[in-house]
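Participant: Mind looking over this structure? Questions follow.
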Amino acid sequence: MSDKVTISRLATGVPGLDQVLGGGLPEFSFNLIMGPPGSGKTTLAHQIMFALATPKRPALFFSVFGEPPLKMLRYQQQFTFFDLGKVNESIRYVNLSEDVATGNYDQVLARITQEIESSSPALVFIDSFRSAILETWHQSKGTVRLQQFIQQLGLLLSGWQATTFLVGEYLSASDPSPVFTVADGLLLLDQKIYRNSMVRQMQVLKMRGQATRPGMHTFRITAAGIDVFPAAVVLDSLDPGAASGSPRGEVRLSMGVPRLDEMLGGGLPSGYSLLVAGPSGSGKTILATAFLSEGVRRGEPGIIVAFEQTPSQSWVHTLDDMVRSGKIGLINTRTLDLSMDEIVQQLIKLIQKMKATRVVIDSLSGFELAVAPAFREDFRESLFRMITVLSGLGVTVLLTSELEDRYIDLRFSPYGSAFLTDAIIVQRYIEVESRLKRVIAVVKVRASAHSTEIRQFEINADGIVIGDPVLDYEGILGGRPTRTPVSGTVKRGEP
Amino acid sequence: MSTPDSRRAAIRRTLKQRSGGAPGAAAVAEATIGTWLQVAERLAPVIGLQGVNVLFNRALHLTSTAFPWLTTAGERGDSAVQLAGIKARLADHEPEAAAEASYTLLVTFTELLGTLIGEPLTGRLLDPVWEFPPAEPVKEATS
């Protein structure tokens, strides 16, 4: 038993934010929401306020300077979370600009005290305080007074059993702001513009009493308000294979391509990630489609994350049909300002909803294009996190990767991501008798025996047909095989 | 929740009730300023006194196209002086004209507010003013 105080945590109502905060917002905490103009501070404050405010837990919103309240009310109403029914019932707006304009901070403090005393709010928002700081500097160079002001404010607010938020413009870390010390929580919002894309990010610099999710978390502002995509972290506690119901690798999944299972040493171990690398047109998407259809046939739901235009070919119809009938989940995106975390969150939600065990990402090249330029530098790290998170969920992942067909070196992926995956299948073109032929080989299957043969394959209306090993040629990976003197020609295998 | 139509009727009713049965222009002026002060009192905490004044001046400007006598140059800036001037000018006119100008001013103001923050929120903030006898000010209402 324990007599220690328990801090109850409030659900902020902002999707993903509670996870980032480490389980919600501690009750009676004093928080700072900071960021440059346009980063979404006021919106975040409003979204939290509308989610939390009830007649029993009323909120006071003090607008100080900055955004004129008329405009704020006008624009905040555009968000679906803005519930008119709560205005003047559980949410009250108080404008302090006249008090601040006097430059007398005792008066501002007195006014805030008086308002808080008269309505005993459970939630207090003060928007925004950077302007107040500037004002003080201009008026009297009175930083000491300002420190006192904010410290007193912090004290006052904590004494009133209220969860409070100071919204302010960005203060640099070198800014010796006393607020940083006083505050229990520091939330930093930012927007990064890189090339022609804009990315919003959020960071919890401090949240007393709980373990927050480290790092920058991307978020979007939509009509529904802010949507945070917590950076994917690999949780040790995740029970591997929880979703599939069997430990990782114990069960082998059929690929849906005759003879490929046998090349993989009996199918792809469940929970593995498989990289299918090959040049354009070599049949990667077809292989991925076969993998998903086989899953559907066996009652293993799948999801495809598609980044590429889908031409109207027969196997794509198969894919479309499966998506339309709800047997396969589809995440299709063409935006160019995506973050990996956003995709991962969507994917995790869909995996849990569909109880999916097979996931295809087609292709990494398209994915890289869709990811905002600001994130491309970290693409490999993010990819690693994503694969680990997915594998933690027990799903088997197939990633396709466009491979420039270079015959002078043997590479499996342009991202150095080959080592991240548990298995690799490579497809290549070779020239035989002045024709382009396709070959396929299993390069690796972690902790499993597998075929090392290079086999020829064809694509027909039914999909991929794998032939016999190319025994009588050598130098295939160099693209220009020469016949070994032994015997015979390249034969197609009997199915 | 009021609609623009029902609010217009409510504003007319409020002004009438406040200025008494068969009002003189002075009573109309009194009722106008009294009602306006209630509107301002409810709005100022939310959008700030400055916000209220900005909107009021715009409403006054719009109203003055129909009632040019309502405004005088030089009063802008000090709302107390401005209100005293409007009150005096209303009292100087025929009761019917004064009542119509007063009604137009308040309607213009609420509709202007409605275009900025939406009808529902406008209703939510100002409807208590049109309830007779006047509702308690906001502060007490939520405490």
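The values are calculated or read from the model by the stated rules, or taken from the named source; none is laboratory data. These numbers were taken from a predicted model, which means no experiment stands behind them. Neighbour counts are summed over all protein chains in view; Cβ atoms, including those assigned to glycine, are modelled from backbone coordinates with ideal geometry.
Participant: Give the residue that is farthest from A:D190 (Cα to Cα), with candidates limited to residues of the range A:1-30 that are over 25 Å from the mean Cα position of the chain (by Cα) and in contact (Cβ under 8 Å) with a residue 40 or more places away in the chain.
Facilitator: Among those that are over 25 Å from the mean Cα position of the chain (by Cα) and in contact (Cβ under 8 Å) with a residue 40 or more places away in the chain, it is A:I7.
To keep it simple, each residue is scored yes or no on (1) modelled with pLDDT under 75; (2) in a strand (DSSP E or B); (3) on the phi > 0 side of the Ramachandran plot; (4) in contact with a Phe, Trp or Tyr (Cβ under 7 Å, 6 or more places away or on another chain).
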{"residue": "A:Q148", "(1), (2), (3), (4)": "yes, no, no, no"}
{"residue": "A:L156", "(1), (2), (3), (4)": "no, no, no, no"}
{"residue": "A:Q161", "(1), (2), (3), (4)": "no, no, yes, yes"}
{"residue": "A:L166", "(1), (2), (3), (4)": "no, yes, no, yes"}
{"residue": "A:S174", "(1), (2), (3), (4)": "yes, no, no, no"}
{"residue": "A:Q191", "(1), (2), (3), (4)": "no, yes, no, no"}
{"residue": "A:V204", "(1), (2), (3), (4)": "no, yes, no, no"}
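Participant: Of everything in the range B:90-121 that's over 12 Å from B:T32 (Cα atoms) and within 15 Å of the chain's Cα centre (by Cα), which residue is nearest to the other protein chains (Cβ to nearest Cβ)?
Facilitator: Among them, the one singled out is B:L113.
Participant: Yes or no: B:T71 β-branched (V, I, T) and touching a Ser or Thr at 6+ places or on another chain (Cβ under 8 Å)?
Facilitator: yes
Participant: Identify all residues within the range A:26-65 that are within 14 Å of chain B (Cβ to nearest Cβ) and of a type in the set (F, W, Y); write none if there are none.
Facilitator: A:F50, A:F61, A:F62, A:F65
Participant: Something else now. Filtering the range A:342-361 down to residues that are charged (D, E, K, R) and at negative phi, which residue is modelled with the lowest pLDDT?
Facilitator: Looking at the filtered set, the residue picked out is A:E342.
Participant: Then there's this: For the range B:59-111, what are the residues that are modelled with pLDDT under 90 and either among the charged types (D, E, K, R) or not in a helix (DSSP H, G or I) (or both)?
Facilitator: The answer is B:T71, B:T72, B:A73, B:G74, B:E75, B:R76, B:G77, B:D78.
Participant: What tally of residues in the range A:77-112 results from selecting those that are among the polar types (S, T, N, Q) and at pLDDT below 85?
Facilitator: Result for the range A:77-112: 4.
Participant: Here is a check on your reading of the model: is B:T32 surrounded by 17 or more Cβ atoms within 10 Å (Cβ to Cβ) and either over 20 Å from B:E111 (Cβ atoms) or among the polar types (S, T, N, Q) (or both)?
Facilitator: Yes.
Participant: Further, regarding this structure: When the residues of the range A:107-122 are filtered to those that are small (G, A, S) and in a loop (DSSP other than H, G, I, E, B), which remaining residue is farthest from the chain's Cα centre (by Cα)?
Facilitator: A:S120
Participant: Run A:F125 past the list (1) assigned to a loop (DSSP other than H, G, I, E, B); (2) within 14 Å of chain B (Cβ to nearest Cβ) and report the number of the one that doesn't hold.
Facilitator: Looking at each condition in turn, A:F125 falls short on (1).
Participant: Follow-up. Could you give every pair whose Cβ atoms fall below 6 Å, whose first residue belongs to the range A:338-357 and is within 18 Å of A:Q19 (Cα to Cα), and whose second residue is of a type in the set (F, W, Y) and modelled with pLDDT under 85, counting only separations of at least 6 or pairs across chains?
Facilitator: What qualifies is A:S339/A:F375.
Participant: Would you tally the residues in the range A:301-324 being assigned to a loop (DSSP other than H, G, I, E, B) and at pLDDT 90 or above?
Facilitator: Counting residues in the range A:301-324 that are assigned to a loop (DSSP other than H, G, I, E, B) and at pLDDT 90 or above gives 1.
Participant: Which residue is farthest from A:V199 (Cα to Cα), if the candidates are limited to the range A:68-85 and must be within 11 Å of chain B (Cβ to nearest Cβ) and touching a strand residue (DSSP E or B) at 6+ places or on another chain (Cβ under 8 Å)?
Facilitator: Result: A:P69.
Participant: Something else about it: Is it the case that B:A80 is in contact (Cβ under 8 Å) with a residue 60 or more places away in the chain and away from chain A (no Cβ under 14 Å)? Give the steps one after another, and end with the answer.
Facilitator: Values: in contact (Cβ under 8 Å) with a residue 60 or more places away in the chain: no; away from chain A (no Cβ under 14 Å): yes.
Spelling it out, it is not the case that B:A80 is in contact (Cβ under 8 Å) with a residue 60 or more places away in the chain and away from chain A (no Cβ under 14 Å).
Participant: So the check is Cβ under 8 Å with 6+ separation or different chains; which pairs have a first residue in the range A:93-108 that's under 25 Å from B:I117 (Cβ atoms) and facing chain B (nearest Cβ under 9 Å) and a second one that's of a type in the set (D, E, K, R) and part of a helix (DSSP H, G or I)?
Facilitator: Sorted first by the residue in the range A:93-108, then by its partner, the pairs are A:V94/A:E115; A:L96/A:R111.
Participant: Taking the range B:45-73 only, how many residues are among the aliphatic types (A, V, I, L, M), at the interface with chain A (Cβ under 8 Å from one of its Cβ atoms) and crowded, with 18+ Cβ neighbours inside 10 Å?
Facilitator: 3
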